[in-house]
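First up is the structure itself, then whatever we jot down about it.
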Amino acid sequence: MATLQLTRLKKRYPNGFVALHGVDLSVAEGELIVIVGPSGCGKSTLLRTLAGLESISDGELTINDRRVNELEPAERDIAMVFQNYALYPHMSVAGNMGYALKNRGIAKDEVRRRVAATAELLGLGELLERRPRQLSGGQRQRVAMGRAIVREPQVFLFDEPLSNLDAKLRVQMRLEIRRLQKRLGVTAVYVTHDQVEAMTLADRLVVMNGGHVEQCGEPMTLYAQPATRFVASFLGSPAMNFLPLTAHQGGVVLPNGIQLALPFTLPEGRAATLGIRPEHLCEAASTTEGAILEVTVEMLEPLGADMLAYTRLPGLDEWLVVRLDGAHAAHEGQRLSLTFSPAHCHVFDAEGRRVAMAEETDAKVRAVQ
Amino acid sequence: MRYQRRGLDVVSHLLLAAGCGLFFLPVWLAFTASTHSMSDLYTHIAPLWIGDVGLANYARLLSEPVNGLNAGVLRLLFNSLVMATGIAVGKIVISVLAAYAIVFFRFPFRRLCFWLIFITLMLPVEVRILPTYEVVANLQMLDSYSGLILPLIASATATFLLRQFYLTIPPELVEAARIDGAGPWRFLKDILLPLSKTNLAALFVIMFIYGWNQYLWPLLITTDADYMTVVVSLKRMLTTGDALVPWQDVTATAILAMGPPVLVILILQRYFVKGLVDAEK
């Protein structure tokens, strides 16, 4: 168990490329932090600097208040699970798991005992003598986990460990990682580009973009109050809908002239973006006063429990995706009246930052014709 | 490709058999010649079947010094074995280390080092034989095993082959080993060498045969029959002045000289074929 402290951590490559622009993060004991972001956002670089596989250009990294910037990976007391597992192909499962212990000069009996105990924990008992190529993808994944667990490290580092598995196994292993991490109580940093994995695993979520931390917090906080348009677009599936708008007479106006009374205070004439999630749009009952958005369904994606309707507002190019009930009898070309609560609206300014909602959050959203 | 046609099977096997026969015929002729007496060989055309003095020929050859040389065939074979093994092992040790440095370590002029090694591919022994002789002579290594072996153990080919193999090792494997606390030597010993086992076996076979078949270099630096190799002695046995060439001895020596390389191939062929076909991943 350990705490992890990153202070203005920077990574600059010799060719001048800056992968990390000063990352600040503190991780509490036993916490599972998930770092998520698109490819090239620096999340893997960050993990590799934590591991010691990349040098730190500037800033400080401490594990349990001990500065580890200059330490070799093996001296940092961390364990890493790689995307392609990186198992030693010529060693048996037991050999793979015990290699680090052997290198530390731990007695053979002790190594065997600890490997056996870990294998038991992961259900690998039968496979200890097999070679990695005789294992299935899920089993290899378990061995990679076992190799990390058996060392009893201060920190687990996971580098997209589930992305080589098929969808079903991924869900299963996701739960298992969560269960093991909680049971062992080891601090963990988990990197992924899969936002579902990120949401479900994280105690706290760090969204990265272009070498910066965009936002850090509990998954539901980030989902409900994304600090930037980037975070809003990255979390949630299907992604949040965005509509361009201009502030007008205390409300906002969409490019096609539809005016909405929204409780956001923007200077008159300022351009911004309205964000609303597909699951927060619902069909207005015919009796509802002032139905809000009249859209035309252009495409349907039945997912079983839900039905995604790709719709457009008249005169606008932007898609408006709506999550309908799976049994909804919508058909292409149909017109729908949609309504939404202002509490579910997000407004982002031209720089993509969240605009705070005005006090009167109970205000009704109404179309002003 | 696999075709389900009986006719094709028969034809391919006939072709294979004919090919094998063609390549085996000279060896067979050498073997039969080694079992006849000298007078037989000079009065009859090349014999196709085994003669009656085979055992006697071989026994005499193995117990007495070779004509015109004061060293026996066993000594010559031993010299060849030392030289070929020394060259093969030396080449592998040097190439493993060179390729390891070039692929896994970052140091200044790394690329330059690689290209310098690579360029030496264009300089076989024959091209640099005079300066090499000069150096070896100055180091007092004429007529010695080290003189036979050392100038031949640098190998650009082996370095290049191993480099190509090392480049296929996923970087994560190297990183996993670093995290597991394996230093450079331990990584080489525990991970790289076991993984390149098949490549090393294939290289050993190729390099052993290369060393065994060396002719020009041993011919040049050995004057003492104690250090002469069997391949050089074969040529020496043919230059008999006015006397008749003892073909039964020459062919018998040639047959004996084939032994060690064949043995090496038989022992290592399991790895050898695997190493050439696919690296064990």
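Taken over region A:115-151, the residue count meeting the criterion of being of a type in the set (S, T, N, Q), farther than 13 Å from A:Leu165 by Cβ and free of Cβ contacts under 8 Å to residues at least 24 places away in the same chain is 1. Remark: pairs (first residue in region A:152-166, assigned by TED's automatic domain parsing to the domain that holds A:Phe82 and of a type outside the set (A, V, I, L, M, F, W, C); second residue surrounded by fewer than 22 Cβ atoms within 10 Å (Cβ to Cβ) and outside any loop (DSSP other than H, G, I, E, B); Cβ separation under 6 Å; 6+ apart in sequence or on different chains) = A:Gln154/A:Ile63; A:Asp159/A:Leu47. Any residue at all in region A:250-259 that's more than 25 Å from A:Gly42 (Cβ to Cβ) and within 28 Å of the chain's Cα centre (by Cα)? No, that holds for no residue.
Among the listed residues B:Arg106, B:Arg111, which satisfies the condition of being of a type outside the set (S, T, N, Q), part of a helix (DSSP H, G or I) and surrounded by fewer than 17 Cβ atoms within 10 Å (Cβ to Cβ)?
Numbers: B:Arg106 fails: part of a helix (DSSP H, G or I).
Checking each option against the conditions leaves just B:Arg111.
With the requirement that a residue be in a strand (DSSP E or B) and either within 14 Å of chain B (Cβ to nearest Cβ) or out of contact with any Leu (no Cβ under 7 Å at 6 or more places or on another chain) (or both), what does region A:29-62 give you? Selection gives A:Ile33, A:Asp58, A:Glu60, A:Thr62.
Would you pick out the residues in region A:138-194 that are outside any helix (DSSP H, G or I), among the polar types (S, T, N, Q) and crowded, with 19+ Cβ neighbours inside 10 Å? Within region A:138-194, A:Gln154, A:Thr187, A:Thr192 qualify.
Do we have any residue at all in region B:188-198 that's of a type in the set (Val, Ile, Thr) and either more than 30 Å from B:Tyr42 (Cβ to Cβ) or at pLDDT 90 or above (or both)? First the steps, then the outcome.
Of all residues in region B:188-198, those of a type in the set (Val, Ile, Thr) come to B:191, B:198.
Next, from what is left, pick out any that are either more than 30 Å from B:Tyr42 (Cβ to Cβ) or at pLDDT 90 or above (or both): B:191, B:198.
Scanning region B:188-198 turns up at least one residue that is of a type in the set (Val, Ile, Thr) and either more than 30 Å from B:Tyr42 (Cβ to Cβ) or at pLDDT 90 or above (or both).
The residues on offer are B:Phe160, B:Phe165, and the sole one that is within 14 Å of chain A (Cβ to nearest Cβ), within 30 Å of B:Val262 (Cβ to Cβ) and out of contact with any strand residue (DSSP E or B) (no Cβ under 8 Å at 6 or more places or on another chain) is B:Phe165. Criterion applied to B:Leu219, B:Leu195 was being within 14 Å of chain A (Cβ to nearest Cβ) and of a type in the set (A, V, I, L, M, F, W, C), and the one residue passing it is B:Leu195.
Scanning region A:115-127 for residues that are over 20 Å from A:Met173 (Cβ atoms) and more than 14 Å from chain B (Cβ to nearest Cβ), which turns out surrounded by the most Cβ atoms within 10 Å (Cβ to Cβ)?
We begin by selecting, within region A:115-127, every residue over 20 Å from A:Met173 (Cβ atoms); these are A:115-117.
So of that shortlist, the ones also more than 14 Å from chain B (Cβ to nearest Cβ) come out as A:116-117.
Values: A:Ala116: 17, A:Ala117: 11.
The qualifying residue surrounded by the most Cβ atoms within 10 Å (Cβ to Cβ) is A:Ala116.
In region A:204-223, what residues are without any contact (Cβ under 8 Å) to a residue 24 or more places away in the chain, surrounded by fewer than 19 Cβ atoms within 10 Å (Cβ to Cβ) and either part of a strand (DSSP E or B) or assigned by TED's automatic domain parsing to the domain that holds A:Gly352 (or both)? Listed by number, the list holds a single entry, A:Gly217.
As a summary of the residue check, B:Leu130 satisfies the conditions (1) in contact with a strand residue (DSSP E or B) (Cβ under 7 Å, 6 or more places away or on another chain); (2) more than 14 Å from chain A (Cβ to nearest Cβ) except for the one numbered (1). Search region B:167-195 for residues being crowded, with 21+ Cβ neighbours inside 10 Å and free of Cβ contacts under 8 Å to residues at least 60 places away in the same chain, and hand back the single one that is nearest to B:Ala98 (Cα to Cα). Looking at the filtered set, the residue picked out is B:Ile191.
Please pick out the residue among A:Val68, A:Val81 that is farther than 30 Å from A:Arg130 by Cβ and surrounded by 21 or more Cβ atoms within 10 Å (Cβ to Cβ). Talk me through it step by step, then tell me what you get.
On the way: A:Val81 fails: farther than 30 Å from A:Arg130 by Cβ.
When all the criteria are applied, what remains is A:Val68.
No other residue among A:Ile78, A:Ile106 is free of Cβ contacts under 8 Å to residues at least 24 places away in the same chain and within 14 Å of chain B (Cβ to nearest Cβ) apart from A:Ile106. If you check B:Ser34, B:Ser95, which single one turns out to be out of contact with any His (no Cβ under 7 Å at 6 or more places or on another chain) and at pLDDT below 90? B:Ser34 is the lone residue from the list that is out of contact with any His (no Cβ under 7 Å at 6 or more places or on another chain) and at pLDDT below 90.
The values are calculated or read from the model by the stated rules, or taken from the named source; none is laboratory data. Please read all numbers here as calculations on a predicted model, not as lab measurements. Quick reminder, even Gly has a Cβ in these numbers, built from the backbone with ideal geometry, and neighbours come from all protein chains shown.
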